[in-house]
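Quick notes on the structure that follows.
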2 protein chains.
Amino acid sequence: MADLNKLLTPIYLNEKEIRKIIELMFFSYRDFTSGPDKILEKIKFGRAHHRVIYFVGKRNNLTIKELLSILKITKQSLSRVLNQLVKEKYIVLSIGEDKRTKKLSLSRRGLELEKKLSEIQINKIFNVIKNFNENEINGFKKVLFEMIDHKNQNKFNEIN
Amino acid sequence: MADLNKLLTPIYLNEKEIRKIIELMFFSYRDFTSGPDKILEKIKFGRAHHRVIYFVGKRNNLTIKELLSILKITKQSLSRVLNQLVKEKYIVLSIGEDKRTKKLSLSRRGLELEKKLSEIQINKIFNVIKNFNENEINGFKKVLFEMIDHKNQNKFNEIN
DNA sequence: TAATTAAGTCAATATGGCTGACCTAAATAA
DNA sequence: TTATTTAGGTCAGCCATATTGACTTAATTA
């Protein structure tokens, strides 16, 4: 059975090859986030601040609830980060039509920081994928998408 | 110029499309690590323990220095995690030919945990990529590889 | 009017990083 | 042979990010 498996399984489905993917995920994600991390450090922010700025920048007038459902962290965790961003005027709050809700948006200052941080990642991705053909890039995106838990794939689709 | 760019830039190199990749990286990495995280939680370990177990399992008789150069964390950070793994008998230390060095290897217990944790990620990847053709999978791997900082790509090649 | 929802807050806890300072023992270079 | 470098260890303190649990307020909805 094990031998039959070896005969019938294409090489790219071997455990050894799959383990390479595990490592590629680790190394690439680490280096993918390291650029923004360095800038954030200077202004005493962390990766969590970047995420908030990123998604607020993407969807202006996001409510806290929506943001929590994207980030999937507790409101207590978000609270610390968000309060800092509001206090330091990167993010502006306003009250929604439903007066229980609050809408988040980037200030000019916040938008500047968002640009600065995302630019690094955008450039990195651009410089990588420009050397690949459309099929390869689509393969990359489709595989990554399928690596997202089924229940969370909707979230990606919702915001895009 | 901006208009010319729009005319000449393929759609998959647009900022909007690249931002999707940023999000795919975030969501996929989060869900990729969530499986092992749940198991680790039960035995009061974290993701850092998984990494150590993973790379020691991959390369038996790894030295501390080599492990540090893969993980790129400080020895003080590694120390806490590693001491726990040794104390709880997941990892065994022995002295190298160069008597200043120590070699790390997994105990039977450690190997069992490694299997249990990696199995989740291996199965997840297997179940995703089995539905893709070889070109798409290669595209995926090649793009991920190129997302690794140049200076760190060697590290991936060394261990593979 | 009662129940639910959105948001906020206080407190305690855990994990995973970091810097800096300092130590030991072994290997290597001058 | 002595001096330097290297591998590893340790103590202390700090910071960021996350968690759980308990409780509050105000607005909406049943």
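The values are calculated or read from the model by the stated rules, or taken from the named source; none is laboratory data. Since the model is a prediction, treat every value here as computed from it, not as a measurement. Here Cβ is always computed from backbone atoms with ideal geometry, including for glycine, and neighbour counts include all displayed protein chains. Surface accessibility is based on the protein's heavy atoms, side chains included, excluding ligands, DNA and RNA. Shrake-Rupley method; radii C 1.70, N 1.55, O 1.52, S 1.80 Å.
Among the residues of segment A:4-40, those that are over 16 Å from the mean Cα position of the chain (by Cα), open to solvent by 20 Å² or more (accessible area, probe 1.4 Å) and within 11 Å of chain B (Cβ to nearest Cβ) comprise A:T9, A:P10, A:I11, A:Y12, A:L13, A:N14, A:E15, A:K16, A:E17, A:R19, A:K20. Report every pair of residues separated by at least 6 positions or lying on different chains whose Cβ atoms are under 9 Å apart, first residue within segment B:116-133 and on the phi > 0 side of the Ramachandran plot, second in a helix (DSSP H, G or I). So the pair list comes out empty. For A:E114, indicate whether it is away from DNA strand C (no atom under 15 Å from the Cβ) and open to solvent by 30 Å² or more (accessible area, probe 1.4 Å). Judged against the criteria, A:E114 is not a match. Going through segment B:117-160 one residue at a time, which ones are more than 7 Å from chain A (Cβ to nearest Cβ), over 17 Å from A:T9 (Cβ atoms) and open to solvent by 70 Å² or more (accessible area, probe 1.4 Å)? Once the filter is applied, which keeps residues that are more than 7 Å from chain A (Cβ to nearest Cβ), over 17 Å from A:T9 (Cβ atoms) and open to solvent by 70 Å² or more (accessible area, probe 1.4 Å), segment B:117-160 yields B:H150, B:K151, B:N154, B:N157, B:E158. The single condition from (1) within 16 Å of DNA strand D (Cβ to nearest atom); (2) open to solvent by 50 Å² or more (accessible area, probe 1.4 Å) that B:L68 fails is (2). Within segment A:88-115, being farther than 29 Å from A:R30 by Cβ, without any contact (Cβ under 8 Å) to a residue 40 or more places away in the chain and touching a strand residue (DSSP E or B) at 6+ places or on another chain (Cβ under 9 Å) holds for A:V92, A:L93, A:S94, A:I95, A:G96, A:D98, A:T101, A:K102, A:S107. Considering B:R47, B:R51, B:R59, B:R109, which residue is away from every other protein chain (no Cβ under 12 Å) and either at pLDDT 95 or above or within 15 Å of DNA strand D (Cβ to nearest atom) (or both)? Within the list B:R47, B:R51, B:R59, B:R109, the selection yields B:R109.
Each residue in segment B:61-75 was checked for being of a type in the set (D, E, K, R) and over 17 Å from the mean Cα position of the chain (by Cα), and 2 pass. Of the residues making up segment B:72-91, those that are open to solvent by 70 Å² or more (accessible area, probe 1.4 Å) and more than 13 Å from DNA strand C (Cβ to nearest atom) number 2. In the set B:Y54, B:Y12, only one residue is assigned to a helix (DSSP H, G or I), under 22 Å from A:F32 (Cβ atoms) and touching a Ser or Thr at 6+ places or on another chain (Cβ under 7 Å); that residue is B:Y54. Within segment A:41-55, is there a residue that is within 16 Å of DNA strand C (Cβ to nearest atom), open to solvent by 30 Å² or more (accessible area, probe 1.4 Å) and under 24 Å from B:F145 (Cβ atoms)? Yes: one or more hits.
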